[in-house]
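Working notes, structure below.
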Amino acid sequence: MSEKPVSSGGAPATSAAESMETIVSLAKRRGIIFPSSEIYGGLNGFFDYGPLGAEIKRNIRNAWWQDMVHRRDDIVGLETSIIMHPKVWEASGHVEGFTDPMVDCKVSKQRFRADQLFFSPVVVTAEDGTTSTVAYVSALEGDDTAGELQKKAEELKRKKAIRGTLVPVMAKDITEAAPEEIPLIPSPATGEPGSLTPPRAFNLMFSTHVGALADASSVAYLRPETAQGMFVDFKSVVDTGRVKLPFGIAQVGKSFRNEITPRNFIFRSREFEQMEMEYFIHPDADWFACHESWLQWCQDWLVSIGIPREQLSLHEHPKEKLAFYSRRTVDIMFKYPFGVQELWGIAARSDYDLKQHAKHSGKPMEMFDEATKQKFVPHVIEPAVGVDRILLAVLVSAYYEDVVEGEKRTVLRLHPRIAPYKVGVFPLLKNKPQLVERAQALYKRLKRRWNVFYDEAGAIGRRYRRQDEIGTPWCVTIDFDTVEKDGTFTIRDRDTLQQKRISEAELIAFLDEKVD
């Protein structure tokens, strides 16, 4: 089949709402992501990864681990327990300070993060120039919160037949509201004022019990981050790993946060997976240069797995908002359909964490400097990223639509390292045993090294479309020339739609280069 695209490539959907709806629909339809416990109505903030999603997620983890650990000489890996001694979280400050501000709607019983709930008074300017506040409006954080507040203000003006000109809406989050303003701010759940409680601190850690008794002495926590396990095991790694500064400890694993308002699909959920690395440096080292180098490494790595550089930006945390022990934090931001949001955080955390655990445990967290014959506590640079957020960014970046032979084509332009299947293998016709036998033999040989897909059902064009939609980079078709002439077969490129003849040895060499 010779495919002729009307356009060589589409563009991602432009509407934020349509884009997310499209991504969520594709994820469900093609077995990438399902709502958890769906047959029982689901559980907010939890998701299951289907056959394709599990492969994509595993490929992201594996690519990060290969590049972060296996292909570097200065970083080792670790896997620590999800449930740790509760004193770990006392030392880290999570028991006392790992909180978000929360407000309740007393009518709907829903809860909202106060720093993501924005409000504004509706101020009207009359013809004589006088101004007055006629009401309040509110909106949850989004890619255009101020615009949503302005829209609600205009709706309020029409509904109540208010005459005059609206002063431009200025958005503030509800933590900035004066006590007398709280009763006037409408609940996002009901649209009516008077039902929101004042903001209060809410600890995000999930608690559980360890042992036979469920009392205060058995309380433990599901870890809210993977970093503390690496700090707690720091001395063990130093004593057993023959590491020298600068060096890093990397870990991939599940974390749990009891988010007040999980939202935006898998972007903010209650169970998620992190890829974190703690890079330890000498106290006298140039920490800023080290931080800059990791900031660049992380951006380059995202681009290497298919995320467009133009979709990335940087956000430097203002010094006045940094934790007292932090020297610098910069977030790599990604332009999701719902707005520009944090994807990867790179923090210079000084020696705070190691000293805290030394203080609370009574065990030293020091290294010995052979040059100066002195002991010291290293400082740390921490790049921390969520696997789920990367996966969502990858899906958003990869989704395209174009028209081929007059037919709309949906395609995921996934990088070969990330794609769930690397190759689709097809016999041209399923009722020709010689074609089927040769195709199955190639499929079995390729499957020893890569995840590949075999399909003999339907017209060849339909089989191509199915693979395009799940991101398979290449499809090979076994035809009569394969079995009757030179043994070559057709390989078709997902993105360019170009086809050429290739031998089995050439295919394996090609995949070696492009995938591995």
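State which residue is nearest to PRO183 (Cα to Cα) when the search covers only segment 124-169 and only residues that are under 35 Å from the mean Cα position of the chain (by Cα) and among the basic types (Lys, Arg).
LYS152
Does HIS360 count as in contact with a helix residue (DSSP H, G or I) (Cβ under 7 Å, 6 or more places away or on another chain) and loosely packed, with under 15 Cβ neighbours inside 10 Å? Break it down stepwise before answering.
Working: in contact with a helix residue (DSSP H, G or I) (Cβ under 7 Å, 6 or more places away or on another chain): yes; loosely packed, with under 15 Cβ neighbours inside 10 Å: yes.
So HIS360 fits the description; yes.
Within segment 419-516, which strands (runs of 3 or more DSSP E) (wholly inside it) include 2 or more residues that are among the β-branched types (Val, Ile, Thr), surrounded by 14 or more Cβ atoms within 10 Å (Cβ to Cβ) and touching a residue at least 24 places away in the same chain (Cβ under 8 Å)?
Qualifying strands (runs of 3 or more DSSP E): 423-427, 474-478.
Name the one entry in VAL69, VAL107, VAL95 that is closer than 30 Å to GLY147 by Cβ and touching a residue at least 40 places away in the same chain (Cβ under 8 Å).
Going through VAL69, VAL107, VAL95 in turn, just one is closer than 30 Å to GLY147 by Cβ and touching a residue at least 40 places away in the same chain (Cβ under 8 Å): VAL107.
Give, as residue ranges, the helices (runs of 4 or more DSSP H) completely inside segment 7-121 that count at least 1 residues that are farther than 30 Å from GLY211 by Cβ, more than 20 Å from the chain's Cα centre (by Cα) and modelled with pLDDT of 90 or more.
Where helices (runs of 4 or more DSSP H) fall fully within segment 7-121 and carry at least 1 residues being farther than 30 Å from GLY211 by Cβ, more than 20 Å from the chain's Cα centre (by Cα) and modelled with pLDDT of 90 or more, they are 16-29.
What number of residues within segment 206-218 are touching a helix residue (DSSP H, G or I) at 6+ places or on another chain (Cβ under 6 Å) and touching a residue at least 60 places away in the same chain (Cβ under 8 Å)?
Summing the residues that are touching a helix residue (DSSP H, G or I) at 6+ places or on another chain (Cβ under 6 Å) and touching a residue at least 60 places away in the same chain (Cβ under 8 Å) in segment 206-218 gives 1.
Just to check your reading of the model, which residue among LYS235, LYS254 is in contact (Cβ under 8 Å) with a residue 60 or more places away in the chain, under 25 Å from ARG72 (Cβ atoms) and surrounded by 17 or more Cβ atoms within 10 Å (Cβ to Cβ)?
LYS235
Any chance segment 136-146 includes a residue that's out of contact with any Ser or Thr (no Cβ under 7 Å at 6 or more places or on another chain) and farther than 30 Å from ASN44 by Cα?
Checked segment 136-146: no residue is out of contact with any Ser or Thr (no Cβ under 7 Å at 6 or more places or on another chain) and farther than 30 Å from ASN44 by Cα.
Only residues that are touching a Lys or Arg at 6+ places or on another chain (Cβ under 9 Å) and surrounded by fewer than 18 Cβ atoms within 10 Å (Cβ to Cβ): list them for segment 272-296, please.
Restricting attention to segment 272-296, the residues satisfying the condition of being touching a Lys or Arg at 6+ places or on another chain (Cβ under 9 Å) are 272-275, 278, 287-288, 291.
Scanning segment 272-296 gives a single hit, PHE288.
Restricting attention to segment 122-138, report how many residues are on the phi < 0 side of the Ramachandran plot and either free of Cβ contacts under 8 Å to residues at least 40 places away in the same chain or not in a strand (DSSP E or B) (or both).
So the count comes out to 8.
The values are calculated or read from the model by the stated rules, or taken from the named source; none is laboratory data. This one's a predicted model, so the numbers in the text were calculated from it and none came from an experiment. In this analysis, Cβ positions are derived from the backbone assuming ideal geometry, glycine residues included, and neighbour counts consider all displayed protein chains.
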